[in-house]
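A short worksheet on the structure shown next.
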Protein chains: 2
Amino acid sequence: MEPVRYPGNPIIRPEDVPPSADGLEVVGAFNAGAVQVGEETFLLLRVAEAARCTDPDTVPIVTADPDRGEIRVVSIPKNSPGLDLSDPRQVIYGGHRYLSSLSHLRLARSRDGYHFQVDARPTIVPRSRYETYGIEDPRITYLAEEDRYLITYTAVSNLGIAVGLMETRDFVDFRRLGIIFTPDNKDVAVFPGTVQGHYAVLHRPSSSHLGSPDIWIAFSDNLQYWGNNHHLLGRRPGMWDGIRVGAGAPPLLTPEGWLEIYHGANEDNSYFLGAVLLDRQDPTRVLARSQDPVMSPIMGYERTGFFNNTVFTCGVVPGPGEQLRIYYGAADKVTAVADTTLGAVMDSLR
Amino acid sequence: MEPVRYPGNPIIRPEDVPPSADGLEVVGAFNAGAVQVGEETFLLLRVAEAARCTDPDTVPIVTADPDRGEIRVVSIPKNSPGLDLSDPRQVIYGGHRYLSSLSHLRLARSRDGYHFQVDARPTIVPRSRYETYGIEDPRITYLAEEDRYLITYTAVSNLGIAVGLMETRDFVDFRRLGIIFTPDNKDVAVFPGTVQGHYAVLHRPSSSHLGSPDIWIAFSDNLQYWGNNHHLLGRRPGMWDGIRVGAGAPPLLTPEGWLEIYHGANEDNSYFLGAVLLDRQDPTRVLARSQDPVMSPIMGYERTGFFNNTVFTCGVVPGPGEQLRIYYGAADKVTAVADTTLGAVMDSLR
């Protein structure tokens, strides 16, 4: 009962995305937030860029200047004192740490949901000290009553992996509403409506001592301040979501409750999608949960990429009718799409 | 310029606290929240209890029943299948983890600030699934305008190390306001007044990936929901607060700004106290910070206990006049008190 992959997958590859500056190479275009805006489907892609090596005597580093809103390459002579290249994921130089790739968000639009026009320039770039290592994995929630879109994103910096919130009405002007969850936290998705008068959100704190990377739920009156936290969904050792879980797309309101497509990783660090149904009036109550995954990494582009054996969604577009269109990052490298139905997902919960 | 220790220190020892059930031994009475209530000083002690070993053929475990509000001892025969004693800090049995000690909160009162009458029974015991491993390190904030006391505390369970908030008007009835920060977080202290109309709090998230155990500040409109998070105070490698920092007592409003006595740990995992001054109107702005500690573990009872070389405050009582009375946990075992002055602490900031 796997969702039906679009035969033209992947629909967006790194090479489809123009780099944001000279000397940069796009190495990933994945984990996109997705939303239907009128006749168009909007994706907000996570675009990961690395610095291209051109001069064998220098180490090129991708870096963000949040004050200028620029992503650029800095080249450091290989014989520089204090240059530490011992960890392939990072470069230490001048007391600073630089990651080997850095992500920003890029808008892509489509009329048919399959063929996307990717913007030539970055849409959202690091703009604060909480984003100096990049902005990742956006989720888009449309608040119909307020006619505004909320975007949660992972804000990565030397201060940790935190969660920022921004809002937009037009996908042109974006307003940051601050850091809503402090390190470590990620995989945050706001409900597309209030619950008994309160906004609600799924989030995924993770801890270095007790506890595990599980999904929690929190509530708010103003979207900026969150609390009344409840542990919602734990990992299930030995199963497809045995190591960690996290929210995927924002929950969908169905006649049977809030339906959340979430991700789980197993002991091999393969990522799957599954579903959980939450009580409509009290979403701290879990009504049902997929025993087996709704979607598994089976295609070549899902099995081989940057982080192998991974399907990871940040956005599901419902309709027409019973259809659910799952946009997902495949192997942390490309964007793909697959169609399923509400009924098929609900069946996974029985 | 060390604060003047009370010669009768420690003022509360484990043996001064009656255990909460048969078979339990109080192993720590420390890290107390402190507040002046009329003519009396109230301490809310963290009381750590361990199960006493009486039968050589069984392993006694201290455990909390949050539904009944009971702390009790369960004895497991040593030959039970599935009993795992390999880690001295915990016992694994029947798929559950039990810690070797479990904390609750206990009220103690004094008219002179030195001689305390400790309640015979626990004041606040685990009452939710976030507290099954205990309640630790309370901070008490008096909101004068609302005539109520707020108590933040570390809520420990298999779900992680989180932060709960409760309120009381009389230290008899306590009302829980929920989990305000998810794992990992601790060392949370609410400001004793609003800042430009918002409540403010210091908290200490810690992360397993990027970032370090630093102090952040957040804001709220209703005390339950928190956000607008800012990284406030980082650790300073090589110094007395080089490994981690965390809020101590709730901040004090002084003519020069909000004064916070915080703790820092150095590379030897010794704990010191220092001070930081925050802008009165915008406490995300650090005006000054102690170069040297305000207080160091130098006395025998501070150097030797459960966790050695530790002074750790959760409560400072100001007045009369310029006096600041620091209640502190010594070596994670006993409670002690030392007097200093506002001027002496301010001098440490120059």
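Summary of values
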| quantity | calculated |
| --- | --- |
| Residue, nearest to B:L102 (Cα to Cα), within segment B:36-50, restricted to residues that are surrounded by fewer than 24 Cβ atoms within 10 Å (Cβ to Cβ) and touching a strand residue (DSSP E or B) at 6+ places or on another chain (Cβ under 7 Å) | B:A50 |
| Single condition A:Q90 does not satisfy, out of (1) touching a residue at least 12 places away in the same chain (Cβ under 8 Å); (2) within 14 Å of chain B (Cβ to nearest Cβ) | (1) |
| Residue satisfying all of: in segment A:14-28; in a loop (DSSP other than H, G, I, E, B) and crowded, with 16+ Cβ neighbours inside 10 Å; farthest from the chain's Cα centre (by Cα) among these | A:G23 |
| Qualifying residue in segment B:82-96 (condition: under 24 Å from the mean Cα position of the chain (by Cα) and surrounded by 12 or more Cβ atoms within 10 Å (Cβ to Cβ)) | yes |
| Segment B:126-151, subset in contact with a Phe, Trp or Tyr (Cβ under 9 Å, 6 or more places away or on another chain) and of a type in the set (V, I, T), residue farthest from the other protein chains (Cβ to nearest Cβ) | B:I140 |
| Test for A:T123: is it away from chain B (no Cβ under 14 Å) and either surrounded by fewer than 24 Cβ atoms within 10 Å (Cβ to Cβ) or of a type in the set (S, T, N, Q) (or both) | yes |
| Count - residues of segment B:177-195 that are away from every other protein chain (no Cβ under 11 Å) and surrounded by fewer than 23 Cβ atoms within 10 Å (Cβ to Cβ) | 4 |
| B:P88 being part of a loop (DSSP other than H, G, I, E, B), of a type outside the set (K, R) and at pLDDT 95 or above | no |
| Verdict on A:G246 being within 30 Å of B:R176 (Cα to Cα), without any contact (Cβ under 8 Å) to a residue 24 or more places away in the chain and in a strand (DSSP E or B) | no |
| Residue identified as within 14 Å of chain B (Cβ to nearest Cβ) and at pLDDT 95 or above among A:A275, A:A247 | A:A247 |
| Matching entry among A:H104, A:H115 (being outside any strand (DSSP E or B) and either touching a residue at least 12 places away in the same chain (Cβ under 8 Å) or crowded, with 24+ Cβ neighbours inside 10 Å (or both)) | A:H115 |
| Subset of segment B:336-350 (residues that are free of Cβ contacts under 8 Å to residues at least 40 places away in the same chain and outside any strand (DSSP E or B)) | B:G343 |
| Residues satisfying the stated conditions in segment A:196-243, i.e. in contact with an Asp or Glu (Cβ under 8 Å, 6 or more places away or on another chain), crowded, with 19+ Cβ neighbours inside 10 Å and outside any loop (DSSP other than H, G, I, E, B) | A:Y199, A:L202, A:H203, A:R204, A:P205, A:I215, A:Y225, A:H231, A:L232, A:L233 |
| Count of segment A:215-238 residues which are among the aliphatic types (A, V, I, L, M) and free of Cβ contacts under 8 Å to residues at least 40 places away in the same chain | 1 |
| Selection from segment A:225-244 of residues that are more than 10 Å from chain B (Cβ to nearest Cβ) and of a type in the set (G, A, S) | A:G238, A:G242 |
| All strands (runs of 3 or more DSSP E) inside segment B:285-335 with 2 or more residues being closer than 18 Å to B:R13 by Cβ and touching a residue at least 60 places away in the same chain (Cβ under 8 Å) | B:311-318, B:323-330 |
| B:R109 being among the basic types (K, R), assigned to a strand (DSSP E or B) and within 13 Å of chain A (Cβ to nearest Cβ) | no |
| Search result, residues across segment B:126-150 that are surrounded by fewer than 21 Cβ atoms within 10 Å (Cβ to Cβ) and part of a strand (DSSP E or B) | B:Y142, B:L143, B:R148 |
| Qualifying residue in segment A:157-172 (condition: among the aliphatic types (A, V, I, L, M), facing another protein chain (nearest Cβ under 10 Å), in contact with a strand residue (DSSP E or B) (Cβ under 7 Å, 6 or more places away or on another chain) and farther than 18 Å from B:S220 by Cβ) | yes |
| Those residues of segment B:199-224 which are within 9 Å of another protein chain (Cβ to nearest Cβ) and either under 20 Å from B:E145 (Cα atoms) or among the acidic types (D, E) (or both), in sequence order | B:D214, B:F219, B:S220, B:D221, B:N222, B:L223, B:Q224 |
| Which numbered condition B:T284 misses (of (1) within 14 Å of chain A (Cβ to nearest Cβ); (2) hydroxyl-bearing (S, T, Y); (3) under 21 Å from B:T154 (Cα atoms)) | (3) |
| Positions within segment A:250-265 being surrounded by 21 or more Cβ atoms within 10 Å (Cβ to Cβ) and free of Cβ contacts under 8 Å to residues at least 40 places away in the same chain, in sequence order | A:G257, A:G264, A:A265 |
| Some residue of segment A:286-295 being at pLDDT below 95 and either aromatic (F, W, Y) or within 22 Å of A:L43 (Cβ to Cβ) (or both) | no |
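The values are calculated or read from the model by the stated rules, or taken from the named source; none is laboratory data. Note that this is a predicted model, so its numbers are computed, not measured. Cβ sites come from the backbone with ideal geometry, for glycine too, and all protein chains shown count toward neighbours.
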